[in-house]
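To start, the structure under review is shown below, and the notes come after it.
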């Protein structure tokens, strides 16, 4: 039996008092969970500690909290593991972010998470009459969506979404991962409509800023950001959806830029992302960027020559790769979550970054 | 040590002072840079979003070119961009994780006579400083310790997440390296809310307000924590934090004026190079606090007087 200190963030909105930290001493084996620790404190010291929990086995998704600043399931985090990253020896537990606090560690999932979930029409909408018997679908397409189906709605990804932090209207990682669950499902008949809706929404798929926080947060390996990138890929490549948020144009401007120059030529990227220098959309946007461009010219950061001329041309081998891959009828997408890892013949050397991940668990 | 050097695109485009300062700092640390001139953009996540196989093939080609240099005496591949590090690691994870897939990608590279062999070591300059050169060795070379300079780290998403893909753990606390380095160089680490957050750059053309709100918020947090400057290993972050800072200040409605240094600039400063030769004059937000600090250090030793301009 070991002794740990839990530092809990306490808050009761109705009290009119500001949130505060309170420490509790617990004694439990290090392989017991942070949730067990909180429950012991509630049992022994203060029955009013607010925490939402149910299964204690990382499947109901109720006990999402921030532990030492990172979103996790309290029941899926060992005390000894949490103690390793505890600042000043006390394991800090606070409510998840991006959602209003109802009491202590309990956040209002209805106000944010569930509202966003409903936003993406999270049910199957088949085309036409249902078949007489069951739907027959290829096994691989169902395997493909198992990753998003692993979601337990704990809200950990929503808690730390950095786009949502500045744009609360962003549909967000959990709901967009759920959107892919239906866009990837061959039985659904509304793929295009779903994608059109989420591409045109200024707070939809193009509002994701690639920060990887949701991938890091998810206790189930759903990788919401990767699903958002797949939604974008299908929207632009398969449905040719040219959205009003510049998502399509930015992607194509970037890819064409590299095909032409080999390395990025930023001076072209900005106007091309708005549809080209003379596109009606580009004019106000470029005018808005003008002060910073002029400043960059003045400081010598950007020279007129560099802005206008293309000093770097893509080697022909780079162009050949673009042609070769673009000429294919089907995209080849490897998903390590689906295919799994290979057996490592050699001992794993973590100093060479880049190794096959296991299903994410905070305790490994 | 000799390294196969991938400078990235932005360091040769809109942040030429990054590539320039790296070239100045390398000899002082006995690093020989063999530039991978024929390599292409890592895709910065956008090419992978467009077509994963395309991004994987382009980066496999870069790795194969680096491995040619490594057969010729380079010890590893080095980059100076968090975004390159993360994008390339993502591709490497797929390439290394599945033999069939790697063979498939290598078939595309074959006409050029290139093959990617699993397991390349590709490290950002930050990782190289800590893991290859060693902070003790860096410390021994410090000529002008950053005494009293308050520096806030700004990592950039791609170099800190996901932790398992980037090999961050107990043995390699790569998410603490900037703090460790700032201390090694004699500076004071500023702890502030935004250090591991997103600069907002990837959505600058899609949602400018949300993008600049992110940059502005983190710069403001650093300001509130009394930072003299920020340091970043990511030139894309530098674009949003420095080049776009006037716009970000407008969006968040407060004055910012927070200088943002590239990693090699901060190292170069401590190794005795002058702000000007490190290209600090090219920044949009003039690093006045840093320059005043550096001249006052010199003045304190030599002339015992006030700090001048430059």
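Here, each number is a calculation from the coordinates, and none is a lab measurement. Note that the coordinates shown come from a computational prediction; the quantities given were computed from them, not determined experimentally. Methodologically, a virtual Cβ is constructed for each residue, glycine included, from the backbone with ideal geometry; neighbour enumeration extends over all protein chains shown.
Quick notes on this structure:
- Sorted ascending by nearby beta carbons within 10 Å, beginning with the fewest, B:72, A:188 become B:72, A:188.
- Take every DSSP beta bridge whose two residues both sit in the protein assembly as shown; close to 45 percent of them are antiparallel.
- Among A:11, A:274, A:135, the residue with the largest mean-square fluctuation in a Gaussian network model of chain A, with springs joining Cα atoms closer than 10 Å, is A:135.
- Each eigenvalue of the Cα gyration tensor of segment A:147-187, multiplied by 5 and square-rooted, gives one semi-axis; in descending order these are 22, 12, 6 Å.
- Evaluated at q = 0.15 Å⁻¹, a Debye calculation over the C-alpha positions of chain A (equal weights, vacuum) places log10 I(q)/I(0) at -1.30.
- Using a simple spin-label model with pseudo-atoms 7 Å out from Cα toward Cβ, residue A:46 and residue A:125 lie 4.7 nm apart.
- Most tightly packed first, judged by the mean number of other beta-carbon atoms within 10 Å of their residues, the peptides B:236-248, A:92-104 read B:236-248, A:92-104.
- Each of residue A:31 and residue A:3 was given a label point 7 Å from its Cα along the Cα-to-Cβ line. The distance between the two points is 2.4 nm.
- Here, segment A:1-115 is characterised by an Rg to Rh ratio of 0.95, where Rg is the alpha-carbon radius of gyration and Rh the Kirkwood radius.
- Cα centroid of segment B:63-110 to Cα centroid of segment B:1-43, whole Å: 17 Å
- Acute angle (nearest 10 degrees) that the helix B:52-71 long axis makes with the longest principal axis of chain B, alpha-carbon atoms: 80 degrees
- Helix A:316-326 axis, angle to chain A major axis (alpha carbon atoms, nearest 10°): 70 degrees
- log10 of Debye I(q)/I(0), alpha-carbon scatterers only, for chain B at 0.06, 0.07, 0.09 Å⁻¹: -0.20, -0.27, -0.45
- Peptide A:252-259 has a mean of 5 when you count, residue by residue, the C-beta atoms of other protein chains within 10 Å of its C-beta.
- Helix-only mean residue ellipticity at 222 nm for chain A, each DSSP H run of n ≥ 4 adding -39500 (n - 2.57), per residue, nearest 500: -10000 deg cm²/dmol
- Principal semi-axes of the equivalent ellipsoid, √(5λ) from the alpha carbon gyration tensor of the protein assembly as shown, are 37, 33, 26 Å from largest down.
- For the segment B:191-203, counting C-beta atoms of other chains within 10 Å of every residue's C-beta and taking the mean gives 4.
- As a proxy for reagent exposure, ranking B:147, B:232 by other Cβ atoms within 10 Å from fewest up yields B:147, B:232.
- Förster radius 51 Å - calculated FRET efficiency between residue A:132 and residue B:141, Cβ distance, rounded to 0.05: 0.05
- Over segment A:86-158: Rg over Rh, Cα atoms, Kirkwood Rh: 1.18
- Efficiency of FRET between residue A:88 and residue B:254 - r from beta-carbon atoms, R0 56 angstrom, step 0.05: 0.95
- Between residue B:68 and residue A:339, the FRET efficiency from the beta-carbon distance, with R0 = 30 Å, is close to 0.55.
- Cα-based shape type of segment A:178-300, given that a ≥ b ≥ c are square roots of the gyration tensor eigenvalues and the cut on a/c is 1.5: prolate
- Axis of helix A:34-44 versus longest Cα principal axis of chain A: the two differ by about 30°, to the nearest ten degrees.
- Placing a label point 7 Å from the Cα of residue B:224 along the Cα-to-Cβ direction, the residues of segment B:147-188 whose backbone N falls under 17 Å of that point are B:152-153.
- Remark: the Cα gyration tensor places segment B:29-162 in the prolate category, a/c being 1.5 or greater and a/b exceeding b/c.
- Averaged over the residues of peptide A:209-220, the number of Cβ atoms from other protein chains lying within 10 Å of each residue's Cβ is 6.
- Sorted by Cβ density within 10 Å, fewest first, the residues B:180, A:229: B:180, A:229
- Most mobile of A:289, A:163, A:141 in a GNM of chain A (Cα contacts under 10 Å): A:289
- When the Gaussian network model of chain A links Cα atoms closer than 10 Å, the mean-square fluctuations of A:213, A:245, A:335 top out at A:335.
- Put a dot 7 Å past the Cα of residue A:242, heading toward its Cβ, do the same for residue B:191, and the two dots end up 5.2 nm apart.
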